[in-house]
1. Length gain on complete extension for the stretch Ile140 to Arg253, per 0.36 nm per residue less the alpha carbon to alpha carbon distance?
2. Please give the charge dipole size of the chain, origin at the Cα centre, charges +1 on K and R Cβ atoms and -1 on D and E Cβ atoms. Round to the nearest 20 debye.
3. Got a sec? How would Ile99, Ile151 order by Cβ neighbour count within 10 Å, fewest to most?
4. Could you give the angle, 0 to 90 degrees to the nearest 10, between helix 109-119's Cα long axis and the longest principal axis of the Cα atoms of the chain?
5. Beta carbons within 10 angstrom, averaged per residue: use that to sort the peptides 213-220, 224-231, highest first.
6. Using Cβ counts within 10 Å as a stand-in for footprinting exposure, how do Leu9, Leu76 rank, fewest first?
7. Which cross-chain or sequence-distant (5 or more) residues have an amide H under 5 Å from the amide H of Lys152, H modelled 1.01 Å from N in plane?
8. Mind checking which of Leu61, Leu8, Gly119 is farthest towards the positive end of the range 3-275's charge dipole, using Cβ charges of +1 (Lys, Arg) and -1 (Asp, Glu) about the Cα centre?
Amino acid sequence: MRKDEARLLDGFVRALREHRLHMVYQPKVALRDGSLVRVEALVRWEDPELGAIQPSRFVPLAEQHGLIDELTQWGLRTILRQWVDWCAHKLDTCIAFNISALSLQNLDFPDLVERMCRGLKVPTDRLVLELTEGATQPLIKLIDTLTRFRIKGIGLAIDDFGTGYSSLMQLRQLPFTEVKIDQAFVADLGRSRDCDLIVRSIVELAHNLGLTVTAEGVETIEQLRLVKELGCDVVQGYLIATPIAPEGLLPWRREFRKRWPAMLTDEKLALWAQET
């Protein structure tokens with residue numbers, strides 16, 4: 001192991017076990033009316049010596065060194081407790097959390113997640129587990145595990161759809177409830193005819209399979225308009241909100257409710273964007 005990698009691993013182990021990781025939450029809203037439908041929980045690590053470390057660096061490290069289950073269980077406990085706190089303040093929403101395909105190799109994992117929900121009295125249908133498309137080839141071998149999650153009422157989303165290697169047949173076979181269109185396609189909407197066609201086709205396919213479609217990485221007014229026109233159901237991105245601390249979700253929702261109606265016309269959209 002390289003010296004810098006060993007240093008990063010040592011720092012991560014300390015952060016995980018000394019409770020120095022934290023969560024931020026990015027809202028996802030329904031395109032039909034701007035209502036908050038769920039938030040995506042995102043792990044953050046800010047090391048006093050190494051600075052802010054991106055999940056793309058420490059999550060693979062956790063997978064390689066047998067720490068991913070510990071990280072996943074910490075994350076699930078954290079977000080379920082956060083749901084309880086929000087619910088006490090009259091905010092009842094779903095929480096999405098990304099999990100590693102490695103965790104699914106544990107046959108008891110669905111039962112563990114259900115026990116966590118039951119222990120905190122969180123309805124299982126308030127939880128959505130997100131999996132990246134690149135993981136779908138090994139996941140097809142774990143269809144029984146994924147099906148058990150669905151039987152328990154837990155949602156399953158395929159993240160970054162369109163960038164991996166899964167086939168349409170696998171999408172049909174796996175028990176997903178949501179497809180998240182990768183932001184690379186969203187970024188080129190209106191500029192690339194191919195991207196427009198791909199997104200339209202994904203939306204049509206997903207809807208025909210009974211799946212919800214979320215557009216990721218929406219950052220401009222034009223992208224918002226286009227994903228709505230193409231039939232997406234839910235939108236997520238910096239135009240809606242950056243990831244925010246848990247205590248900031250209620251104030252954000254109050255403010256967003258006021259601003260959403262003004263986002264329905266281009267002229268008012270421009271004014272709204274300038275204010276944010």
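What follows draws every value from the coordinates through simple rules; no lab data is involved. All figures in this text were calculated on a predicted structure; none of them were measured in a lab. Virtual Cβ from ideal backbone geometry, glycine too; neighbours counted across all protein chains shown.
1. On the way: separation 113, 0.36 × 113 = 40.68 nm, distance 3.75 nm.
The Ile140-Arg253 span can extend by a further 36.9 nm.
2. Roughly 740 debye for the chain.
3. On the way: Ile99 22, Ile151 12.
In order of increasing Cβ crowding within 10 Å: Ile151, Ile99.
4. 80
5. Working: 213-220: 22.5, 224-231: 18.8.
For the peptides 213-220, 224-231, the packing ranking is 213-220, 224-231.
6. Details: Leu9 17, Leu76 22.
Going from least to most buried by this count: Leu9, Leu76.
7. none
8. Most positive-ward Cα: Gly119.
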